[in-house]
1. Identify the residue in region 283-299 that is in a loop (DSSP other than H, G, I, E, B) and in contact with a strand residue (DSSP E or B) (Cβ under 6 Å, 6 or more places away or on another chain) and, among all such residues, is nearest to Val350 (Cα to Cα).
2. Can you name the residue in region 299-336 that is in contact with a helix residue (DSSP H, G or I) (Cβ under 6 Å, 6 or more places away or on another chain) and aromatic (Phe, Trp, Tyr) and, of all such residues, is modelled with the lowest pLDDT?
3. Conditions first: (1) loosely packed, with under 15 Cβ neighbours inside 10 Å; (2) modelled with pLDDT of 85 or more; (3) among the charged types (D, E, K, R). Glu244 passes all but one, so which condition is the exception?
4. Could you list, in sequence order, all residues of region 228-255 that are under 59 Å from the mean Cα position of the chain (by Cα) and over 15 Å from Thr285 (Cβ atoms)?
5. Looking for something crowded, with 17+ Cβ neighbours inside 10 Å, assigned to a loop (DSSP other than H, G, I, E, B) and of a type in the set (D, E, K, R) - is there at least one such residue anywhere in region 302-321?
6. Find the residue count for region 238-262, including only residues that are in a helix (DSSP H, G or I), more than 16 Å from Trp298 (Cα to Cα) and in contact with a strand residue (DSSP E or B) (Cβ under 8 Å, 6 or more places away or on another chain).
7. If the requirement is being under 24 Å from the mean Cα position of the chain (by Cα) and charged (D, E, K, R), which of these qualifies: Lys152, Lys181?
8. When residues of region 296-333 are filtered for being under 60 Å from the mean Cα position of the chain (by Cα) and not hydrophobic (A, V, I, L, M, F, W, C), how many remain?
Amino acid sequence: MQYFPPMAAFLCLISFFEIGHLIENNVQMQVYRIMEELLDLKEDFAELQKDITNVRRGLNQDILEIHQLIENGSKTICHCSRRDGTGDQYELSTPIVHGKFGPSLSNDEVLKKLNMILKGLTNEKATRIDFMKANEAMEDELRQNISYLATKVENVRKNIDNKVSETNANALTFGTKLEDKVSTIERKIKETMSNLNKTLDDLDEHVEKMHLDQEAPKCGNGWIKFNSSCYTFIHLNMSWFAAELFGSHLIRIDDRSEFQFIQNLLYELHKTRLNESAKISHYWTAGNDIIKEGDWVWTPLNVPIRYAAWYVEEPNNWKGQEHCAEIDIDRHFKMNDHNCQMDFFSICEVDRKNG
């Protein structure tokens, strides 16, 4: 599968929308040009219809006048009398025709004039009819052009709608695919970062372990190593003060893992001592509140105790005489405050990093 960075995919989406926008603008410009041509044709068609109407109006007026003139002339000739009672010549009995052509013309001359006028009007009528036919042909052509342009506009509009729908569909599909790719990339980045952080944590832990192993004191015979310290159990009954001065320092417990380590050692040691029928119950630690009641610290630096696994309702300073901390086997290997003058066993520790 081809990999698209999020920014590149985003730019592709923008370019895709810009191309669709350019296509839509181009089609709209074509529609505008066609609409302008259609409006021009409609204006020409309106002018042509106006000219045709004027021609028809003038022709109808001329024809009406000719018919009236012929009708009046015919009536005049039909209602005439012979000059001398014989022959075929007649004179007009009414002044209608003479009013048009003057009293000096004979009836034959008047009819001749009328025929000439009628012939001219007939020719003019034929010419105007040809003109009207040409105009009608042009009108039909304009109608066809208008119909063609209207069809073309409709097709262009449909094409625009199809392009817009297609562009929107493609954009939606592309956007969905882009979101999926971005989600996949983000998920892979999170997985990679999680794996990287785990690797770094493992590396830090390994380096720290190597560092502690390098700095840890070498434990001699009878000493047990845990992390960077060495521990030993002193099975001599001594007061807390004597135990603190004996050899190394009393044990200082810093966290749960260290306390569980000591508990496990005491448990195994307790099983061994039971087999030997020896009584083991109490082991001194470095914890005390000798300076101030209730403020428990680790000697010799008087560091406040941050972690302590006290037995239930302990420390209780029974009879106001309990100021030193010990681990009581009989109380489930938990811590308890006791009289510092009591003779108990003790647990010693070689201070980490300081030897």
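The values are calculated or read from the model by the stated rules, or taken from the named source; none is laboratory data. Keep in mind that this is a model prediction, so the values were computed, not measured. When we count neighbours, we look across all protein chains shown, and the Cβ atoms used for this are built from the backbone with ideal geometry, even at glycine.
1. So the residue we want is Thr299.
2. Per the criteria, the residue is Phe333.
3. Of (1) loosely packed, with under 15 Cβ neighbours inside 10 Å; (2) modelled with pLDDT of 85 or more; (3) among the charged types (D, E, K, R), only one is false for Glu244: (1).
4. Ser228
5. Yes: one or more hits.
6. 2
7. Working: Lys152 fails: under 24 Å from the mean Cα position of the chain (by Cα).
Criteria check complete, one pass: Lys181.
8. Number satisfying all stated conditions: 4.
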